Amino acid sequence: MKKLLFVLFAFVGVSLFAQSSVVPNSDPNAPEMKFETEILDYGSIDYDANGIREFKFTNVGKSPLTISSVTGECGCTATTIDGKPGWPQEPILPGKSGVIKVKYDTKREGRFDKNVTISSNAKLATIKVRIKGEIKAKPIEDAK
């Protein structure tokens, strides 16, 4: 009986701790990201086409926004462009805008639908946006 009570109290304690760790920033002056779109549709594009796209956003909060990281769902989605982070490294002041660049590997034929996770000091500390589209089949090279 004592073991059962111990397990029950341990489970309740862990559950309460886990719930408190996902509470959004309750600061009324916290920064807030508002995106023009949270889903970028590449449409149907050619094999090996330019895979770079931009998520445009505005800080609609009341304090500076700092983006700490941007990560792709898998190795096919890069958030570092030409060796540099694809997101602003300086704080975005209230009312100001910025862009987050992502690059999909367009040497992968077929449909794709991938998440990009943005971590910041905003009201919602973690936001997921999506890229989707379809890469056409690799062209058959002309025989010479």
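Condition check ((1) in contact with a Lys or Arg (Cβ under 6 Å, 6 or more places away or on another chain); (2) among the aromatic types (F, W, Y); (3) at pLDDT 95 or above; (4) closer than 21 Å to T106 by Cα) across all residues:
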| residue | (1), (2), (3), (4) |
| --- | --- |
| K3 | no, no, no, no |
| A10 | no, no, no, no |
| G13 | no, no, no, no |
| S20 | no, no, no, no |
| N29 | yes, no, no, no |
| F35 | no, yes, yes, no |
| I39 | yes, no, yes, yes |
| D48 | yes, no, yes, yes |
| F55 | no, yes, yes, yes |
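Looking at this structure, is T80 surrounded by 14 or more Cβ atoms within 10 Å (Cβ to Cβ), among the polar types (S, T, N, Q) and without any contact (Cβ under 8 Å) to a residue 12 or more places away in the chain? In short, yes.
Name every residue in the stretch 76-106 that is within 16 Å of I135 (Cα to Cα) and modelled with pLDDT under 95, in order of residue number. Hits for the stretch 76-106 are C76, T77.
Every residue, every condition in (1) open to solvent by less than 70 Å² (accessible area, probe 1.4 Å); (2) among the hydroxyl-bearing types (S, T, Y), yes or no:
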residue: E54; (1), (2): no, no
residue: P64; (1), (2): yes, no
residue: C74; (1), (2): yes, no
residue: T106; (1), (2): yes, yes
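I'm trying to understand the selection: among the residues of the stretch 22-52, which are of a type in the set (S, T, Y) and open to solvent by 30 Å² or more (accessible area, probe 1.4 Å)? Spell out how you get there, then give the answer.
Initial filter on the stretch 22-52 (of a type in the set (S, T, Y)): 26, 37, 42, 44, 47.
Listed by number, the residues that qualify are S26, T37, S44, Y47.
The values are calculated or read from the model by the stated rules, or taken from the named source; none is laboratory data. Computed from a predicted model, the values in this text were never measured in an experiment. Here the Cβ is made from the backbone with ideal geometry for all residues, glycine too, and neighbour counts use every protein chain on show. Note: accessible area is taken over every heavy atom of the protein model, side chains too, but ligands, DNA and RNA are not part of it. Shrake-Rupley method; radii C 1.70, N 1.55, O 1.52, S 1.80 Å.
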